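Comments concern the structure below.
The values are calculated or read from the model by the stated rules, or taken from the named source; none is laboratory data. Just so it is clear, the model here is predicted, and its values are computed rather than measured. No Cβ is skipped: glycine too gets one built from the backbone with ideal geometry, and neighbour counts run over all protein chains shown. Keep in mind that these areas ignore ligands, DNA and RNA; they rest on the heavy atoms of the full protein, side chains included. Shrake-Rupley method; radii C 1.70, N 1.55, O 1.52, S 1.80 Å.
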Amino acid sequence: MTKTFYVTTPIYYVNAEPHIGHAYTTINADFLARWHRLDGYDTFFLTGTDEHGEKIAQAAARAGKQPQQFVDEVSAKFKKAWEILHISYDDFIRTTESRHKKVVQQYLQEIYDRGDIYYGEYEGLYCVGCERFLTEKELVDGKCPDHGVEPELRREGNYFFKMEKYRAWLRDHINKNPGFIRPERYRNEVLAILSEPIGDLSISRPKSRVSWGIELPWDPEHVTYVWFDALLNYISALGYPEGERYKKYWPAAQHMIGKDILKTHAVFWPTMLKAGDVEVYRHLNVGGHLLAEGRKMSKSLGNVINPFEWSEKYGSDAVRYYLLKETPYGLDGVVSEEGLIERYNADLANDLGNLLQRVRTMVLKYREGVLCRREPGAGEAVVVAAAEGLAAKVRGYVRELRFNQALEEVLQFVRLLNRYVNEREPWKINDPEDLDRVLYTVVDGLRTASVLLAPALPVKMAELRAALGLGELSVADVEGWGGLPDGHKLPAEAPILFPKVESEKKKQSKYIPAKKPKKDEAATITYEDFAKLDLRVAQVKGVEKHPNADRLLVIRLDVGGEERTVVGGLAEHYAPEELVGKKVALLANLKPRKLRGVVSHGMLLAAEGADGTLALLEPGREVEPGSKIS
RNA sequence: GGCGGUGUAGCUCAGCUGGUUAGAGCACACGACUCAUAAUCGUGGAGUCGGCGGUUCAAGUCCGCCCACCGCCA
């Protein structure tokens, strides 16, 4: 029996267009879905849109549209957005679909029949202008901020779900299942919430006030409010309770959410499932928020990042890769376009893309595109060892939701392959068998990387495999070294995989000469500045070549009885024996600094000629070593 | 006010149950190489590990207090 895996994003509320927050959660979910498909799981990936509520009805009215037409349009924008980002969802649930409404009504009725829903009176501060209840927090000086009117105390009939009844059970469940809410910080937060009474949950609104919703089956004068409408999508899309999908994928569910909706998913949703006698989901995975310039994104700050614009400029894979690689899942992460370009150039263009290019060129040039499988030798040991454990390591990181580490692990392998090529220098190898061995090993490594990176870079890794003449592969195909068939042939042509991107900053520095201060014009300083320098005459006692640098000399000096060592870049200008005995000018109170392993206590003054030759300054008359220069 | 999180090289981040000279990538400098997308490889530099105090033979890593930012709750 194959293992099953079910992952969901939240259903997104259609009062806003798709933005980076939606994209981030969805990309994380897509990564998990794609990984599990490649790793042999029977996988189901669900996303969708949340389309009911008074806000939607109002937004539709403002746009001069019927609610249904309005939600159709916004929902389509989400589908379009996921198309741009290559989100591989298997189903897209909309809460206005009849398949969903049916389940919601059925589920509500079940719980009502069990006695966990009761009718009660809600009392609160109601603003007539807003046509809704306001919370204390929203009030400004006791008045509605939008209408400047004091809200009136009003009672309203609501149905309530007996949530408090399940609090103890939920707390117990979370305590017994450490991985239920991940990462742990959010688990602690939920346990804190559950340590105090959570009360019962208002789940309906009178239809007179909120018309755009799903009617309660036992009382058509009320519609269900948010929770039962939205959260049940996770099982309605599977065809609860009799659907094949439901039987197959529930409860092996992992919900991916942002930390802003923790409480609804960690408290409301599990108790709702428990009340319906449905087994609770497996994991709730909570992601952090993306920040721009270290702050929240907001329209007023004008720092809102649009991942869809980035996708147009750099490709959706680059955006996916960047968001997954740059920030650890669960924490807030700082992102920027500059950061994206850096990551793209360094990891994708230089390390990975260039490796493909260089090895392809060699295989075509030296071997007419044909690879021969040769058993690895001592020179391959490091690569083979790395390849053997790679898939398992990546799998481990993915399980822990450490997507950034999973990707970094593969990138380290790619860097290892580049190092391997430099060490083995295939362009110098004469032995044809050994040359085969090196080229095969590199291509096989790229083949492995292409699979393990595919969950982040689905489009580009397929292109990479095409450039190697390979088709779809699974994780099982890359568990270890040497899966590439003997005699495999590379296609003659392949485009550059990741063309390098020039950032705005770099472009500028290219055309505008760097504004380094010219050597011969320095800023004016005061005498006090100058007086800080301790300049001394010193006599050279001995000179040796620096053990680790061709250009440096290690010079022992007599500074008036005190001996000290200075390292200077003089090897190209003076022979060691030529210096001994010379009296020179020393900056004696320069902060000591290690130069290639030898500590230098000061610096010798020298003039630089137009051709770059250095001439040490020497006193014009006889003076004692240690004499002060001023 | 209570609870929780974060604070480690210029930047983005690793550092598990405390243990050799605190790491990686980017950026910077120098060197090597030429198969390659001015690429790759090597070397180098600095960090009072937010601050103070404590436990310990030993703390970035545990405890206490404090500071900054963030979140949840009130």
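Solvent-accessible area per residue for the stretch A:346-407 at a 1.4 Å probe radius, Å²?
43
If you average 1/r over all unlike Cα pairs in the stretch A:86-227 and invert the result, what Kirkwood radius do you get in angstrom?
Kirkwood hydrodynamic radius for the stretch A:86-227: 18.0 Å.
Could you give the dipole magnitude of the stretch A:225-334 about its Cα centre, charging the beta-carbon of Lys and Arg +1 and that of Asp and Glu -1, in debye to the nearest 20?
Charge dipole of the stretch A:225-334: 160 debye, to the nearest 20.
If you average the alpha carbon positions of the stretch A:168-195 and of the stretch A:354-430, how far apart do those two centres end up, in angstrom?
Between the Cα centre of the stretch A:168-195 and that of the stretch A:354-430, the gap is 42 Å.
Out of every Cα pair in the stretch A:1-65, what percent are spaced more than 14 Å from each other?
Of all Cα-Cα distances in the stretch A:1-65, 65 percent exceed 14 Å.
Which listed residue (A:Val210, A:Tyr166, A:Asn177) has the Cα farthest towards the positive end of the charge dipole for the stretch A:154-239, taking +1 on Lys and Arg C-beta and -1 on Asp and Glu C-beta about the Cα centre?
A:Asn177
Restricting things to Cα coordinates, could you compute the convex hull volume per residue of the stretch A:331-449 in Å³?
Once divided by residue count, the hull of the stretch A:331-449 is 104 Å³.
Please identify every one of the GluC sites (Glu not before Pro) in the stretch A:207-294 that sits in a loop by DSSP and has no more than 14 other beta carbons within 10 Å of its own beta carbon.
A:Glu242, A:Glu279, A:Glu293
Take peptides A:16-23, A:267-274 and line them up by average Cβ neighbours within 10 Å, highest first, as a rough protection proxy.
Output ranking for A:16-23, A:267-274: A:267-274, A:16-23.
Past the 24 angstrom mark, what percentage of all C-alpha to C-alpha distances in the stretch A:384-474 do you count?
24
Would you work out the charge dipole size for the stretch A:405-467 about its Cα centre, treating the Cβ of every Lys and Arg as +1 and the Cβ of every Asp and Glu as -1, and quote it to the nearest 20 debye?
Value, rounded to 20: 240 debye.
Please give the per residue volume of the convex hull enclosing the alpha carbon atoms of the stretch A:248-365, rounded to a whole number of Å³.
That works out to 164 Å³ per residue.
Would you mind working out the accessible area per residue for the stretch A:1-148, using a 1.4 Å probe, and quoting it in Å²?
45
Carbon and sulfur: what percent of the stretch A:311-464's accessible surface (1.4 Å probe)?
Carbon-and-sulfur percentage of accessible area, whole number: 47.
Share of the stretch A:195-292's accessible area from carbon and sulfur, percent, 1.4 Å?
Carbon-and-sulfur percentage of accessible area, whole number: 48.
Lys/Arg Cβ at +1, Asp/Glu Cβ at -1, dipole of the stretch A:392-494 taken about the Cα centre: which of A:Met461, A:Pro426, A:Pro485 is farthest positive-ward?
A:Met461
Could you state the accessible area per residue of the stretch A:172-273 in Å², with a 1.4 Å probe and every protein chain left in place?
39
About the Cα centre of the stretch A:31-89, what is the dipole size in debye to 20, counting +1 per Lys and Arg Cβ and -1 per Asp and Glu Cβ, all else neutral?
220
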